[in-house]
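What follows is a short report on a single structure.
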Amino acid sequence: MAQKNDGTDELVVRARSGDGAAWARLVERHSGLLWSIARSHGLNDADSGDVVQTTWLRLVERIDGLRDPAATGCWLATTARNESLRLVRLRGRDLPLVPAPRAPEPGPDRVALSRERLGLVGAALEALPRRCRTLLRLFAVASSHAELAAALGIPVGSVGPTRARCLDALRRLVP
(Lines give C-alpha, C1' and ligand atoms only; values in the text may rest on other atoms or scores of the structure.)
Protein backbone atom coordinates (compact mmCIF):
# COMPACT_ATOMS: atom_id res chain seq x y z
CA MET A 1 0.00 0.00 0.00
CA ALA A 2 1.40 3.40 -0.94
CA GLN A 3 2.17 5.83 1.84
CA LYS A 4 -0.17 8.81 1.77
CA ASN A 5 1.53 12.18 1.38
CA ASP A 6 0.78 14.01 4.61
CA GLY A 7 3.84 16.24 4.51
CA THR A 8 5.86 14.08 6.91
CA ASP A 9 8.58 13.67 4.28
CA GLU A 10 9.04 17.45 4.05
CA LEU A 11 9.12 17.78 7.84
CA VAL A 12 11.80 15.08 8.09
CA VAL A 13 13.96 16.78 5.46
CA ARG A 14 13.63 20.09 7.29
CA ALA A 15 14.31 18.43 10.67
CA ARG A 16 17.49 16.87 9.25
CA SER A 17 18.63 20.42 8.50
CA GLY A 18 18.05 21.48 12.10
CA ASP A 19 14.64 23.14 11.69
CA GLY A 20 13.20 23.20 15.22
CA ALA A 21 9.69 24.01 14.00
CA ALA A 22 9.75 20.89 11.80
CA TRP A 23 10.80 18.77 14.78
CA ALA A 24 8.01 20.27 16.87
CA ARG A 25 5.45 19.49 14.14
CA LEU A 26 6.70 15.88 13.85
CA VAL A 27 6.39 15.45 17.61
CA GLU A 28 2.92 17.02 17.62
CA ARG A 29 1.79 14.83 14.72
CA HIS A 30 3.04 11.46 15.99
CA SER A 31 3.28 11.56 19.80
CA GLY A 32 -0.36 10.56 20.37
CA LEU A 33 0.16 7.35 18.41
CA LEU A 34 3.40 6.58 20.25
CA TRP A 35 1.70 7.04 23.64
CA SER A 36 -1.18 4.82 22.54
CA ILE A 37 1.19 2.09 21.41
CA ALA A 38 3.04 2.14 24.73
CA ARG A 39 -0.20 2.19 26.75
CA SER A 40 -1.62 -0.68 24.67
CA HIS A 41 1.21 -2.82 26.03
CA GLY A 42 -0.01 -2.19 29.57
CA LEU A 43 2.75 0.24 30.48
CA ASN A 44 2.12 2.84 33.16
CA ASP A 45 2.56 6.57 32.54
CA ALA A 46 6.25 6.64 33.50
CA ASP A 47 7.16 3.62 31.38
CA SER A 48 5.05 4.89 28.48
CA GLY A 49 6.87 8.21 28.72
CA ASP A 50 10.18 6.36 28.59
CA VAL A 51 9.06 4.50 25.45
CA VAL A 52 7.96 7.72 23.74
CA GLN A 53 11.16 9.53 24.72
CA THR A 54 13.36 6.62 23.59
CA THR A 55 11.48 6.42 20.29
CA TRP A 56 12.15 10.09 19.58
CA LEU A 57 15.79 9.65 20.63
CA ARG A 58 16.13 6.76 18.14
CA LEU A 59 14.77 9.03 15.40
CA VAL A 60 17.28 11.75 16.29
CA GLU A 61 20.08 9.15 16.13
CA ARG A 62 18.92 7.67 12.81
CA ILE A 63 17.18 10.49 10.93
CA ASP A 64 20.03 10.91 8.47
CA GLY A 65 19.82 7.23 7.51
CA LEU A 66 16.07 7.09 6.82
CA ARG A 67 15.64 6.02 3.19
CA ASP A 68 11.97 6.99 2.88
CA PRO A 69 11.12 10.10 4.92
CA ALA A 70 7.41 9.69 4.06
CA ALA A 71 7.42 6.39 5.99
CA THR A 72 8.66 8.01 9.20
CA GLY A 73 5.29 7.49 10.93
CA CYS A 74 5.57 3.74 10.30
CA TRP A 75 9.17 3.76 11.47
CA LEU A 76 8.15 5.55 14.67
CA ALA A 77 5.25 3.12 15.28
CA THR A 78 7.51 0.10 14.79
CA THR A 79 10.17 1.57 17.05
CA ALA A 80 7.60 2.36 19.78
CA ARG A 81 6.22 -1.19 19.55
CA ASN A 82 9.70 -2.68 19.81
CA GLU A 83 10.63 -0.41 22.73
CA SER A 84 7.36 -1.26 24.49
CA LEU A 85 7.97 -4.99 24.07
CA ARG A 86 11.57 -4.57 25.25
CA LEU A 87 10.38 -2.77 28.38
CA VAL A 88 7.64 -5.33 29.03
CA ARG A 89 10.21 -8.15 28.78
CA LEU A 90 12.62 -6.22 30.98
CA ARG A 91 9.96 -5.69 33.63
CA GLY A 92 8.74 -9.29 33.32
CA ARG A 93 5.16 -8.14 32.90
CA ASP A 94 2.23 -9.75 31.24
CA LEU A 95 0.61 -7.59 28.56
CA PRO A 96 -2.56 -6.28 30.25
CA LEU A 97 -4.50 -3.63 28.38
CA VAL A 98 -5.42 -0.34 30.00
CA PRO A 99 -9.10 0.52 29.73
CA ALA A 100 -9.83 3.59 27.62
CA PRO A 101 -10.87 6.67 29.64
CA ARG A 102 -14.55 7.64 29.57
CA ALA A 103 -15.86 11.15 29.09
CA PRO A 104 -18.84 12.02 31.33
CA GLU A 105 -22.08 13.09 29.67
CA PRO A 106 -24.54 15.65 31.03
CA GLY A 107 -27.85 14.64 32.58
CA PRO A 108 -28.39 11.67 34.89
CA ASP A 109 -30.58 9.75 32.39
CA ARG A 110 -28.02 10.00 29.61
CA VAL A 111 -25.20 9.19 32.00
CA ALA A 112 -26.98 6.05 33.22
CA LEU A 113 -27.80 4.87 29.71
CA SER A 114 -24.35 5.70 28.42
CA ARG A 115 -22.68 3.86 31.29
CA GLU A 116 -24.85 0.82 30.75
CA ARG A 117 -24.07 0.79 27.02
CA LEU A 118 -20.40 1.45 27.65
CA GLY A 119 -20.33 -1.39 30.15
CA LEU A 120 -21.82 -3.74 27.57
CA VAL A 121 -19.35 -2.65 24.90
CA GLY A 122 -16.45 -2.79 27.38
CA ALA A 123 -17.38 -6.31 28.46
CA ALA A 124 -17.70 -7.35 24.82
CA LEU A 125 -14.36 -5.75 24.00
CA GLU A 126 -12.69 -7.60 26.86
CA ALA A 127 -14.17 -10.86 25.55
CA LEU A 128 -12.39 -10.36 22.23
CA PRO A 129 -8.92 -11.83 21.68
CA ARG A 130 -6.09 -9.53 22.80
CA ARG A 131 -5.04 -8.85 19.20
CA CYS A 132 -8.53 -7.53 18.33
CA ARG A 133 -8.68 -5.37 21.46
CA THR A 134 -5.31 -3.83 20.67
CA LEU A 135 -6.12 -3.28 17.00
CA LEU A 136 -9.43 -1.56 17.73
CA ARG A 137 -7.89 0.70 20.38
CA LEU A 138 -4.93 1.72 18.22
CA PHE A 139 -7.11 2.24 15.15
CA ALA A 140 -8.62 5.26 16.86
CA VAL A 141 -5.27 7.09 16.96
CA ALA A 142 -3.26 5.74 14.02
CA SER A 143 -3.17 8.14 11.07
CA SER A 144 -2.85 5.40 8.47
CA HIS A 145 -3.15 1.66 7.95
CA ALA A 146 0.61 1.60 7.41
CA GLU A 147 1.24 3.09 10.87
CA LEU A 148 -1.25 0.69 12.44
CA ALA A 149 0.37 -2.26 10.67
CA ALA A 150 3.78 -1.15 11.90
CA ALA A 151 2.50 -0.75 15.46
CA LEU A 152 0.98 -4.24 15.41
CA GLY A 153 3.71 -5.94 13.42
CA ILE A 154 1.35 -7.18 10.70
CA PRO A 155 1.26 -6.67 6.93
CA VAL A 156 -0.51 -3.50 5.78
CA GLY A 157 -2.91 -5.54 3.66
CA SER A 158 -4.08 -7.39 6.76
CA VAL A 159 -5.22 -4.30 8.67
CA GLY A 160 -8.56 -3.78 6.91
CA PRO A 161 -9.72 -7.41 6.86
CA THR A 162 -8.54 -8.00 10.43
CA ARG A 163 -10.30 -4.85 11.63
CA ALA A 164 -13.49 -5.93 9.85
CA ARG A 165 -13.37 -9.36 11.51
CA CYS A 166 -12.75 -7.79 14.91
CA LEU A 167 -15.64 -5.34 14.49
CA ASP A 168 -17.94 -8.17 13.36
CA ALA A 169 -16.97 -10.18 16.44
CA LEU A 170 -17.59 -7.14 18.66
CA ARG A 171 -21.01 -6.51 17.07
CA ARG A 172 -22.02 -10.12 17.73
CA LEU A 173 -21.11 -9.72 21.40
CA VAL A 174 -22.97 -6.44 22.02
CA PRO A 175 -26.72 -7.00 22.53
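The values are calculated or read from the model by the stated rules, or taken from the named source; none is laboratory data. Remember, it's a predicted structure, so these values are computed and weren't measured experimentally. Using ideal geometry, Cβ is built from the backbone for each residue, glycine included, and neighbour counts are taken over all protein chains shown.
The table that follows gives values for the structure above.
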| read-out | value |
| --- | --- |
| Filter result (under 16 Å from A80 (Cβ atoms) and of a type in the set (A, V, I, L, M, F, W, C)) within segment 141-157 | V141, A142, A146, L148, A149, A150, A151, L152, I154 |
| Failed item in (1) touching a helix residue (DSSP H, G or I) at 6+ places or on another chain (Cβ under 6 Å); (2) crowded, with 18+ Cβ neighbours inside 10 Å, with R16 passing the rest | (2) |
| Scan of segment 31-47 for residues that are in contact with a Ser or Thr (Cβ under 8 Å, 6 or more places away or on another chain) and in a helix (DSSP H, G or I), ordered by number | L33, L34, W35, I37, A38, R39, S40 |
| Near pairs, Cβ below 7 angstrom, 6+ apart or cross-chain, from segment 146-160 (within 12 Å of L34 (Cα to Cα)) to any residue that is not in a helix (DSSP H, G or I) and not aromatic (F, W, Y) | L148/A142; A151/A142 |
| Helices (runs of 4 or more DSSP H) within segment 103-175 that include 2 or more residues at pLDDT 85 or above and more than 27 Å from T79 (Cα to Cα) | 108-127, 156-173 |
| Matching residues in segment 54-72 - criterion: being under 28 Å from R91 (Cβ atoms), exposed (fewer than 12 other Cβ atoms within 10 Å of the Cβ) and not hydrophobic (A, V, I, L, M, F, W, C) | E61, R62 |
| Conditions (1) part of a helix (DSSP H, G or I); (2) among the charged types (D, E, K, R); (3) closer than 18 Å to L43 by Cβ; (4) modelled with pLDDT under 85: number failed by D94 | (1) |
| Exclusive hit being basic (K, R), closer than 16 Å to S36 by Cβ and without any contact (Cβ under 8 Å) to a residue 40 or more places away in the chain, set R130, R171 | R130 |
| Evaluation of Q53 against (1) closer than 20 Å to A149 by Cα; (2) modelled with pLDDT of 90 or more; (3) among the polar types (S, T, N, Q) (one fails), failing number | (1) |
| Residues of segment 134-160 classified as farther than 13 Å from A71 by Cα and either of a type in the set (D, E, K, R) or surrounded by fewer than 19 Cβ atoms within 10 Å (Cβ to Cβ) (or both), total | 11 |
